[in-house]
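**Student:** The following block contains the structure, expressed as structure tokens.
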Amino acid sequence: MMSETLRLENAGEVLEQNLNTNLISTQALLQHYIGKNLQVARTNQATGQETRFPARLLSFSGQLATIDRDGSIESIPVNSNGWRFIFPALPEGMQSSRAWKSPPPAAKPTVKPY
């Protein structure tokens, strides 16, 4: 939805005019955690065993991330080949869906025929 195309009538007082676009996604989480510590997990495809280790996310581009693991710089695929990131927390303000903020209308909107 393009916010400039939305028209509200008799909807009460609008507190915000824009949609929150800070939505949860792998890309948004990776962007937020650049330079920060997180956990990296890898599942052994043959045995199904998962190994986790701490790392600092240095950068990511497309489907490749660069991490610092115990002083070694490594590149790993993003969400493929058994690799995944475990983020310590959801960043403040990031949400799962778009939302408008407005108080309830004071009175029912009236419909006037033309």
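The values are calculated or read from the model by the stated rules, or taken from the named source; none is laboratory data. Note that the structure is a prediction, hence the values are computed from the model and not measured. Every residue, glycine as well, gets a Cβ built from its backbone with ideal geometry; the counts of neighbours run over all protein chains shown.
**Student:** How many of the residues in region 45-55 are assigned to a strand (DSSP E or B) and more than 16 Å from Val78 (Cβ to Cβ)?
**Tutor:** Here is the first cut: in region 45-55, the residues assigned to a strand (DSSP E or B) are 50-55.
Filter once more, so that each one left must be more than 16 Å from Val78 (Cβ to Cβ): 50-54.
Qualifying residue count, region 45-55: 5.
**Student:** Can you report the number of residues in region 63-114 which are outside any strand (DSSP E or B), more than 15 Å from the chain's Cα centre (by Cα) and modelled with pLDDT of 70 or more? First the steps, then the outcome.
**Tutor:** Looking only at region 63-114, we keep the residues that are outside any strand (DSSP E or B), and these are 63, 70-71, 78-82, 87-94, 96-114.
Right, trim to more than 15 Å from the chain's Cα centre (by Cα) and you get 63, 70-71, 80-82, 100-114.
Among the residues that remain, those that are also modelled with pLDDT of 70 or more are: 63, 70-71, 80-82.
Residues meeting the conditions: 6.
**Student:** If you don't mind, there's one more thing I want to ask. Is there any pair linking a residue in region 85-96 that is surrounded by fewer than 10 Cβ atoms within 10 Å (Cβ to Cβ) to one that is of a type outside the set (A, V, I, L, M, F, W, C) and not in a strand (DSSP E or B), with Cβ under 7 Å and at least six apart or on different chains, and which?
**Tutor:** Gly93/Asn22
**Student:** Right, another one. Here's a check for you: in region 1-54, which residue that is hydrophobic (A, V, I, L, M, F, W, C) and modelled with pLDDT under 70 is surrounded by the most Cβ atoms within 10 Å (Cβ to Cβ)? Please lay out each step first, then the result.
**Tutor:** Pass one, region 1-54, residues hydrophobic (A, V, I, L, M, F, W, C): 1-2, 6, 8, 11, 14-15, 19, 23-24, 28-30, 34, 38, 40-41, 46, 53.
Narrowing the set further to residues that are modelled with pLDDT under 70 leaves 1-2, 6, 8, 11, 14-15, 19.
Values: Met1: 7, Met2: 6, Leu6: 10, Leu8: 10, Ala11: 13, Val14: 11, Leu15: 9, Leu19: 15.
Out of the qualifying residues, it is Leu19.
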